[in-house]
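So the structure is just underneath, and the comments pick up after that.
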Amino acid sequence: MDCPLPIARSFLASHTDVHIEPWLQTGFSGAAIWQVQTAEGTYCLRRWPEEGLPPVRIRTLHHFLRDLANRGIDVVPVPVVAEDGSTLLWHDLAWWQLEPWMPGRADYSKVPTDERLRNIMHVVADIHCAAAQHEPQPEGREWFAGPLRAPSPNGEERLRLLRDRDAARTAALMQKLSMLPDAELQTIAAEVLLLYGQLRDGVALQVAEPFSRPLPLQVCLRDLWHDHVLLSGDDVTGIIDLSAARWDHVATDLARLLGSLVGDDHLRREQALDWYEERRPLSAEDRQLVVLFDRSAVLLSGLLWVERITSSGVPPENREAVAGRLRKFRDRMQTLADAG
């Protein structure tokens, strides 16, 4: 669709002077984004990808975000209600939503100060405290409710992936690397696969029991990382792209976030967890789970990205971003291998 202005107006019937333009900084999710500017404020119009979440899950996600806002969390984008009372519209063979355009930039890595990291950890702890009180709609219980103690769904999924991605599977992937568009990508991907083979058995042994034991669960964000945390100066002003939210253990969020913010700086990670604990307590088991979720993510993320790009290809406009991600995965895998 060339210009979805009529869709934006369905959400903004009372707004004046509405202008819209495509947002060029797209990610890998398949969603399309437009920035909508009005006299009353700036918004984000999102077209969900064809293979995206089912509408019932999107609507219950919207309910969760509104509940967080009602509990004092002001950094999440709560979707706007359209003229018909819905936060999700079907138009032009796609689902659409409108949400506030959150201020700030995902630039922690450019200015990685103590103050910024402390503020991030405080906001995440506050979100976890609010999310623990969430009462989902009946139709959303599949994603936003569950047993209070059970094995982490994310942990169980990683155990399955480690079982399935064996030597034969990675050898088959190695044979597909010639499909990648250039020699550099082929080389980085090969290094990722070799490191995966070196590390797989040791990491699988380390996580087998912790990822199988009952743990305290609640609603978590599950895709909380550097590029989804917006900062204005030292303050967190936006936590965005929350479509992965569902029932799990908070260590999944903390591992994903800190792996992207501090990488292999273990002292920095422990300091960040101390700052988190200024707002919400963590047990010794929770802290160890952060380490294990991070370690298993380091191992699996690179492999899954190699699977993805050998299966779906690499669009030219995403080539540098894909190469950058693979380098980061490879480098962290190498650090893990060097540590023994």
Quiz prompt | Condition check for Arg165: exposed (fewer than 15 other Cβ atoms within 10 Å of the Cβ), basic (Lys, Arg) and in contact with a Leu (Cβ under 7 Å, 6 or more places away or on another chain) | solution = no
Quiz item: Within the stretch 277-312, which residues are of a type in the set (Ser, Thr, Tyr) and out of contact with any Lys or Arg (no Cβ under 7 Å at 6 or more places or on another chain)?
Solution: Ser283, Ser301, Ser311, Ser312
Quiz item: When both residues are 6+ apart or on different chains and their Cβ atoms are under 9 Å apart, which pairs have a first residue that lies in the stretch 303-318 and is under 12 Å from Ala189 (Cβ atoms) and of a type in the set (Ser, Thr, Tyr), and a second that is in a helix (DSSP H, G or I) and at pLDDT 90 or above?
Solution: Thr310/Leu173; Thr310/Lys176; Thr310/Leu177; Thr310/Ala189
Exercise. Mind listing just one residue for me: the one in the stretch 261-308 that is of a type in the set (Val, Ile, Thr) and outside any loop (DSSP other than H, G, I, E, B) and, of those, nearest to Thr335 (Cα to Cα)?
Key: Val298
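Rundown of residues vs (1) closer than 17 Å to Asp294 by Cα; (2) in a helix (DSSP H, G or I); (3) touching a His at 6+ places or on another chain (Cβ under 7 Å), yes/no style:
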{"position": "Ser178", "(1), (2), (3)": "no, yes, no"}
{"position": "Glu191", "(1), (2), (3)": "no, yes, no"}
{"position": "Tyr196", "(1), (2), (3)": "yes, yes, no"}
{"position": "Gly202", "(1), (2), (3)": "yes, yes, no"}
{"position": "Gln206", "(1), (2), (3)": "yes, yes, no"}
{"position": "Arg213", "(1), (2), (3)": "no, no, no"}
{"position": "Asp223", "(1), (2), (3)": "yes, no, no"}
Quiz item: Does at least one position in the stretch 80-97 carry a residue that is in the same structural domain as Glu209 (by TED's automatic domain parsing) and assigned to a loop (DSSP other than H, G, I, E, B)?
Solution: no
Exercise. Of the numbered conditions (1) buried (at least 18 other Cβ atoms within 10 Å of the Cβ); (2) within 22 Å of the chain's Cα centre (by Cα); (3) not small (Gly, Ala, Ser), Arg141 fails exactly one; give the number of that condition.
Key: (1)
Quiz item: Applying the selection to the stretch 138-165, what residues are closer than 14 Å to Ser212 by Cα and acidic (Asp, Glu)?
Solution: Glu156, Glu157
Quiz item: Is it true that Leu231 is under 23 Å from the mean Cα position of the chain (by Cα) and aliphatic (A, V, I, L, M)?
Solution: yes
Quiz item: Which condition does Lys176 not pass, out of (1) surrounded by 13 or more Cβ atoms within 10 Å (Cβ to Cβ); (2) within 30 Å of Leu242 (Cα to Cα); (3) touching a residue at least 60 places away in the same chain (Cβ under 8 Å), if it passes all the others?
Solution: (2)
Exercise. Enumerate the pairs (first residue in the stretch 1-17 and modelled with pLDDT under 90; second residue anywhere and part of a helix (DSSP H, G or I) and surrounded by fewer than 18 Cβ atoms within 10 Å (Cβ to Cβ)) with beta-carbon separation below 9 Å, excluding pairs fewer than 6 apart on the same chain, so at least 6 apart or on different chains.
Key: His15/Arg9
Self-check item: Which listed residue is in the same structural domain as Leu299 (by TED's automatic domain parsing), modelled with pLDDT of 95 or more and not in a helix (DSSP H, G or I), from Glu157, Glu135
Solution: Glu135
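The values are calculated or read from the model by the stated rules, or taken from the named source; none is laboratory data. These numbers were taken from a predicted model, which means no experiment stands behind them. Counting neighbours? That spans all protein chains shown, and the Cβs are built from the backbone with ideal geometry, glycine included.
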